[in-house]
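The structure under discussion appears below in the form of structure tokens.
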Amino acid sequence: MPLGMKSRGILVKRSNCLVFFFHDGALHCKNYLTGKEFEASPLLVPILGKLDGWRGFRGVERLLPEYSPASIRQSLRRLIASTAVLVRGGSQAKRESALSAWQTWGVEARFFHLATKNTHTAPITVDEARFNRALKRREPPPPSLKRYFARARVHLPDPTSQLHGQLPEVLLSRRTHRHFGAGRVSLEQLSILLRLTWGFTNHIHWPGLGSLPVKTSPSGGARHSLEVYLWCSHVKGLSPGIYHYRPDRHELELLKAGRIAEQMARLCGHQEWVQDCSVLFVMTTVLARVTWRYRFSRAYRVILLEAGHFGQTF
Ligand SMILES: Cc1cc2nc3c(=O)[nH]c(=O)nc-3n(C[C@H](O)[C@H](O)[C@H](O)COP(=O)(O)O)c2cc1C
């Protein structure tokens, strides 16, 4: 809200996404949803403590009789600008109310998730080799091997003669590729990838829940919270656009038609090579599928582990 904006009719309350911590000896307040952080007086904590429900500026003045109305109005405007205080109906209030699925896991999981989610807002222009050389000058990199000295060792048989067949060959030849050919992925190839990675392959019986679908990757408690969205640019037989994969019917649902190559690069932290790929597979999670069953925040890790499984199966 602009600082000069009229306060009549505006309802405010404290943000539900605040953490306080000390940094260099000073108390800091950070909104982990918006990323805004500021140095705060310890007096702010009991004041925000009172702003637990929607109130007009007059209502806030009545709550804090020890402060003058003018200083309260000025402070509220600052707190709104720094996103520590919400305005009812504002975009930040709407974003916060969309976080209700996170409530089950307390503050820690959503703090980690939201405070660490932002990526580069512009293409990276630093020279990778120079950057790493500068890092090395500051401090040598940690060793890439861990060793236990003076322990009994077991020499393993040489596996080389066994590393034949399709699976070992696929595993041994896996690499990250950042350059793509001019050809297009076919709908048949896409169908195989989807079926073998995100498709339902079978059903298992789960105590108390009955039949649950399973996939080629494991999932904690067979909750399968991951969804996959396809950002298609060059797929033969498929118009460019964003699609959602339905694993039960093995079909795609078109969410947005049109060319999206540049948005794809932006989505990946402005890595421009991404816009040359035929199709980008974007995984999201339906949090409630996990929080419904696992009420503790450690389960958040399971979602990240699962995304790794799917990435490798793919
Ligand atoms: C979780 C994860 C995130 C990654 N993010 C990026 C990325 O943003 N950009 C990129 O070019 N490569 C990324 N990579 C690929 C790594 O750079 C790559 O795995 C590494 O250079 C080793 O090469 P290899 O995959 O061919 O073995 C990522 C890999 C993983 C596992």
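The values are calculated or read from the model by the stated rules, or taken from the named source; none is laboratory data. Computed from a prediction, not measured in an experiment: that's the story for all the values here. Note that we place each Cβ from the backbone using ideal geometry, even for glycine, and neighbour counts take in every protein chain shown. For the accessible areas, the whole protein counts, side chains as well, though only heavy atoms, and no ligand, DNA or RNA atoms are used. Shrake-Rupley method; radii C 1.70, N 1.55, O 1.52, S 1.80 Å.
Please give the strands (runs of 3 or more DSSP E) falling wholly within the range 232-314 in which 3 or more residues are within 16 Å of the ligand (Cβ to nearest atom).
Strands (runs of 3 or more DSSP E) meeting the threshold: 279-285.
Sort through THR176, THR201 and tell me the only one that's loosely packed, with under 15 Cβ neighbours inside 10 Å, within 16 Å of the ligand (Cβ to nearest atom) and either among the β-branched types (Val, Ile, Thr) or within 19 Å of THR285 (Cα to Cα) (or both).
Selected residue: THR176, the only one of THR176, THR201 that is loosely packed, with under 15 Cβ neighbours inside 10 Å, within 16 Å of the ligand (Cβ to nearest atom) and either among the β-branched types (Val, Ile, Thr) or within 19 Å of THR285 (Cα to Cα) (or both).
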Output for Cβ contacts, cut-off 9 Å, separation at least six or different chains, first residue under 27 Å from HIS250 (Cα atoms) in the range 163-187, second open to solvent by 100 Å² or more (accessible area, probe 1.4 Å) and within 16 Å of the ligand (Cβ to nearest atom), reads ARG174/GLN312
Subset of the range 179-194, residues in a loop (DSSP other than H, G, I, E, B) and surrounded by 10 or more Cβ atoms within 10 Å (Cβ to Cβ), comes to PHE180, ARG184
Here, helices (runs of 4 or more DSSP H) confined to the range 1-94 with at least 3 residues that are closer than 22 Å to PHE111 by Cα and open to solvent by less than 80 Å² (accessible area, probe 1.4 Å) are 44-50, 69-81
Those residues of the range 270-314 which are open to solvent by 30 Å² or more (accessible area, probe 1.4 Å) and among the small types (Gly, Ala, Ser) amount to ALA288, SER297, ALA307, GLY308, GLY311
Cβ pairs under 8 Å, 6+ apart or interchain, first in the range 247-269 and exposed (fewer than 15 other Cβ atoms within 10 Å of the Cβ), second of a type in the set (D, E, K, R), ordered by first then second residue, are HIS250/ARG195; GLU253/ARG246
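With the structure loaded, tell me whether ALA152 is of a type in the set (Gly, Ala, Ser), outside the structural domain of GLN275 (by TED's automatic domain parsing) and not in a helix (DSSP H, G or I) or whether it fails that test.
Working: of a type in the set (Gly, Ala, Ser): yes; outside the structural domain of GLN275 (by TED's automatic domain parsing): yes; not in a helix (DSSP H, G or I): yes.
So ALA152 fits the description; yes.
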